[in-house]
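What follows draws every value from the coordinates through simple rules; no lab data is involved. Note that the coordinates shown come from a computational prediction; the quantities given were computed from them, not determined experimentally. Positions of Cβ are backbone-derived with ideal geometry, glycine not excepted, and every protein chain shown enters the neighbour counts.
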Amino acid sequence: MTIERKDLERIAELARLRLSEPELVRLTADCQAILAYFEAIRGLDLTQATPAGTLEQEAPMREDRVGSDSLERPPEQMAPAWREGYFVLPRLPAMDAEGEGAEE
Amino acid sequence: MSRLTAGTIGELRDGLRSGRVRAADLLEAALEGIADSEAEQPALNAFISVAGERLAEQVDAVDRALGAGEELGSLAGIPVAIKDNICTRELPTTCGSRILEGYVSPYEAAVARKLRAAGALILGKTNLDEFSMGSSTENSGFGPTRNPWDRMRVPGGSSGGSAAAVAAGLVPVALGSDTGGSIRQPASFCGVVGLKPTYGRVSRYGLVAFASSLDQIGPLTRTVEDAALMLSVIAGVDRFDSTSADLPVPDFGERLDAGVDGLAVGVPREYFPDDLDDGIASLCRSAVERLAGMGAEVREISLPHTEYAIPAYYLVAMAEASSNLARYDGVRYGLRVPSASSTMAVYREARGAGFGAEVKRRIMLGTYSLSAGYYDEYYGRGQRVRRLIARDFDNVFAQGIDAVFTPTAPTVAFRLGERVDDPVEMYLSDVFTVTANLARLPAISIPIGRIEGLPVGGQLLARHFDETTLLQVASTLERSIAADPLDREP
């Protein structure tokens, strides 16, 4: 199995990554080489092997109960900007184009 | 090396308690050492940020308490460095990435809190491969760290800054994180001790996640004894990490002097391939002979799925990384690209500009292996192979093996730039270390000699949560090798 440039363009969309043309060219070659190396495990008989992490090593569950933990610092002290209980984010140009009424 | 901070914790603690040294002297020595390491060209570049004078108040308090004869924590006044993927509240946490430049965490990691509670001075944050993705510390957004033994070579990675800082005597101990060998391989390249505890032994709360089922925090130190002491400080269950184990924390140093008489040490043939470097093979043989000479029963063993470890490891690690790194979206953290015109463009532009080449490569492959139609073929298969590798170790421990000995890395430190253009070659640097992470076992690298002046590490592995035996064997081997004096220090 190999990976082509069109596959990588689709994956970049899924991964929310902007890639330049030289990056796409390089990544296509790198990913092909890496996946070719990974082919080694395709010949293994895995019918008797359950995936790790699904049986005894499963994370323990705890009771779903609301506790009294609070943040060490209130959120307004972490935020670059805070107003009326909300984080204030920089305005996107697209919002102006759509005529939405967000502040800042 | 005459710098005060080049001592062990025990030596520094004795100095502090006897009044020969003040905590202020240690801080001054550490800061001078860091400044010197940056002034020499090419610079060591072990640290991304340094606390410096901000620690003056804490240092004064330690010196006053010592003067008054008060009982202090086990690390009181000891300067400690922390890998920059572990959250601290006073210093930024960058993960070696430009996407997190300037980020200061609103909370601190469990291990940072425990170090401070023991009285340690958190001196600074050390350099690493971006988000711990690399084996050379060349993938940092803040420039590569260099190896103190030869500055034209890499220190290993991803905890290369921590390993270099300890090897250069800038601090006696440092914390790193190990996902596929990121503590042990740089320890090998820099001639220090590196311990990866059992998965679950140390809380990962506040460790920025790379691959959550593999990551574990551990110490880099000058001696096995210091590794045991550091582990005693940072280990234990934590309700903020549901994967931390609710088990008693023993005195990990209680059997350091017990020797290896009666213990069985397994030497897996798959870790000594025909093409293994002759010098490394010879030093490993010598280490095994030392253990046998001190009463250990040495047995050749087989871990038959070893050859599949690298593909299985990278499939699992890349998939988990692509999921964990989805949170860096240009909105909640760090870098934001102001020209982006839509929400989706904000994400794509920030991630495109903020991540380096190796991180992008792994996010792409991880996303691919998790995507519809490929999940079973790649990620699912990787997890199944992981189970086989873990079973290999279960089998040898069930046959009475107490510890397994292997080389830590297939080579000594390589030259900067030598492998950056060949990702598969770089991934093979981890060939002997990834299995401990896949099987969640404790493992340690200790110096076993040198080849043409460059350090070589030997690796020991033990049963889950049996760090005490692991450290016992490591300490015995360390003392035997120490009887042959080292010919130079960096």
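Return the lysines within reach of A:LYS6: Cα separation strictly under 27 angstrom, same-chain partners fewer than 8 residues apart disregarded; answer none if there are no such residues. Within the straight-line cut-off, A:LYS6 pairs with B:LYS360. Charged side chains reduced to their Cβ positions (Lys and Arg at +1, Asp and Glu at -1) give the stretch B:273-416 a dipole of some 920 debye around its Cα centre.
List the lysines whose alpha-carbon lies under 21 Å from that of B:LYS114, not counting same-chain residues fewer than 8 positions away? Within reach: B:LYS83, B:LYS125, B:LYS196. Taking all Cα pairs closer than 8 Å and separated by 6 or more residues, the relative contact order of chain B comes to 17 percent. The alpha carbon centroids of the stretch B:273-301 and the stretch B:411-490 are separated by 14 Å. Order these by the 10 Å Cβ neighbour count, fewest first: B:MET294, A:MET61, B:MET152, B:MET133. Ordered by Cβ neighbours within 10 Å, fewest first: A:MET61, B:MET152, B:MET294, B:MET133. Note on B:SER162, B:SER371: ascending count of other Cβ atoms within 10 Å places them as B:SER371, B:SER162, the fewest first.
Put in line by how crowded their Cβ is, counting other Cβ atoms within 10 Å and starting with the fewest, B:THR468, B:THR223, B:THR137 read B:THR468, B:THR223, B:THR137. Translational diffusion of the stretch B:307-381 was estimated from the Stokes-Einstein equation, with Rh taken as the Kirkwood radius over Cα pairs; at 25 °C and 0.890 mPa s the coefficient is 185 µm²/s.
Listed peptides B:122-128, B:189-195, B:416-422 appear in the order B:189-195, B:122-128, B:416-422 once ranked by packing, highest mean of other Cβ atoms within 10 Å at the front. Under Stokes-Einstein, with the Kirkwood radius over Cα pairs as Rh, the value for the protein assembly as shown at 10 °C and 1.306 mPa s is 65 µm²/s. Pull out a ≥ b ≥ c, the square roots of the eigenvalues of the alpha-carbon gyration tensor of the stretch B:1-157, then state rounded if a/c is under 1.5, prolate if not and a/b is larger than b/c, and oblate in the remaining case. Cα axes put the stretch B:1-157 in the oblate bin.
Compactness of chain B was expressed as the Cα radius of gyration divided by 2.2 N^0.38 Å, which yields 0.92.
Looking only at other chains, what is the average number of their beta-carbon atoms within 10 angstrom of each beta-carbon in B:187-197?
Mean number of neighbouring Cβ atoms from other chains: 0.
The distance separating the Cα centre of the stretch B:232-272 from that of the stretch B:346-376 comes to 35 Å.
How would you classify the stretch B:336-423 from its alpha-carbon gyration tensor, with a ≥ b ≥ c the square roots of the eigenvalues: rounded for a/c under 1.5, else prolate if a/b is greater than b/c, otherwise oblate? Verdict is oblate for the stretch B:336-423.
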